[in-house]
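Enquirer: Below you'll find the structure I mean.
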Amino acid sequence: MNTRIENARTATDRTSETRQETEKYVYEEPDALHISDAITTRFHDNGLVLRWLRITLSGQDDYQNIGKHMSEGWEFVLPEEVPEMATSSLVREEGRYKGTVSRGDVALAKLPTYKADARTEYFRKKSQNLMAAVNSQLENASDSKMPITNSSKSSVIRGRQPSFQE
C-alpha cells in the first residue's frame, strides 16, 4: 500500500512540475528593433524618448524623411550614450550616417519628452478635426427622403477571460 501511495505522489509531482515548466516559458519572436527597458528608462529619466528612424529606402539615403525628423528636433543617439547597444554590428561604419547606432535601414534617435508629447497631442487633435469634418459632411448631405446617420463609435473590446479547470 505504501508503494502505491508513493507512486501516486510521484506521478502527481511530475505532472505539476511539467505543467509549471510549460506555463513559465512563453516563446516570443525575437525583435531586432527592441530597445531594452533599462535604456528606455535611462533616457526617459533624462527627459528623452527614443525611436528608430528610417535612414535608407531601397538602398538610397532617405534625405526627405531624415530632414523632416531633424526639423522636428530628433537627434541621432551616439554609441557612447548606449554602450550596451554599441556593438560593432550596430554602429554604422561608413556613409553619411557613420557613427550612428543603426540596424539595417533604421537608426536610433532621441527627442525631448515635451516635444514628443506636443507632437502626439497635435496629431490627436488633427485626427479629431478630420473625423468632425467627415461627420459634418455626412450630416449636410443627409436628405429627409434618405437620411444618413452616423452610428459609428470607437471602443476597445477584449476577448473572453480564460478559465482553467482546477
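The values are calculated or read from the model by the stated rules, or taken from the named source; none is laboratory data. Just so it is clear, the model here is predicted, and its values are computed rather than measured. Note that we place each Cβ from the backbone using ideal geometry, even for glycine, and neighbour counts take in every protein chain shown.
Enquirer: Quick test of your reading of the structure: Glu84 fulfils all but one of (1) touching a helix residue (DSSP H, G or I) at 6+ places or on another chain (Cβ under 6 Å); (2) modelled with pLDDT of 80 or more; (3) assigned to a loop (DSSP other than H, G, I, E, B); (4) not polar (S, T, N, Q). Name the failing condition by number.
Expert: For Glu84, the exception is condition (1).
Enquirer: A follow-up question, please. Which residue is nearest to His34 (Cα to Cα), if the candidates are limited to the stretch 63-87 and must be surrounded by 15 or more Cβ atoms within 10 Å (Cβ to Cβ) and among the aromatic types (Phe, Trp, Tyr)?
Expert: Phe76
Enquirer: Within the stretch 47-73, how many residues turn out to be touching a strand residue (DSSP E or B) at 6+ places or on another chain (Cβ under 8 Å) and over 9 Å from Asp105 (Cβ atoms)?
Expert: Qualifying residue count, the stretch 47-73: 12.
Enquirer: In the list Leu48, Leu53, Leu90, Leu111, which residue meets the criterion of being in contact with a Gly (Cβ under 6 Å, 6 or more places away or on another chain), of a type outside the set (D, E, K, R) and surrounded by 15 or more Cβ atoms within 10 Å (Cβ to Cβ)?
Expert: Residue meeting the stated conditions: Leu111.
Enquirer: Now for a separate question. With the checklist (1) within 20 Å of the chain's Cα centre (by Cα); (2) modelled with pLDDT of 80 or more; (3) not in a strand (DSSP E or B) in hand, flag the one item Lys68 doesn't pass.
Expert: Just one mismatch for Lys68, condition (1).
Enquirer: Return only the number of the condition from (1) surrounded by fewer than 11 Cβ atoms within 10 Å (Cβ to Cβ); (2) more than 21 Å from the chain's Cα centre (by Cα); (3) at pLDDT below 85; (4) not aromatic (Phe, Trp, Tyr) that Leu138 does not satisfy.
Expert: Of everything listed in (1) surrounded by fewer than 11 Cβ atoms within 10 Å (Cβ to Cβ); (2) more than 21 Å from the chain's Cα centre (by Cα); (3) at pLDDT below 85; (4) not aromatic (Phe, Trp, Tyr), Leu138 misses just condition (1).
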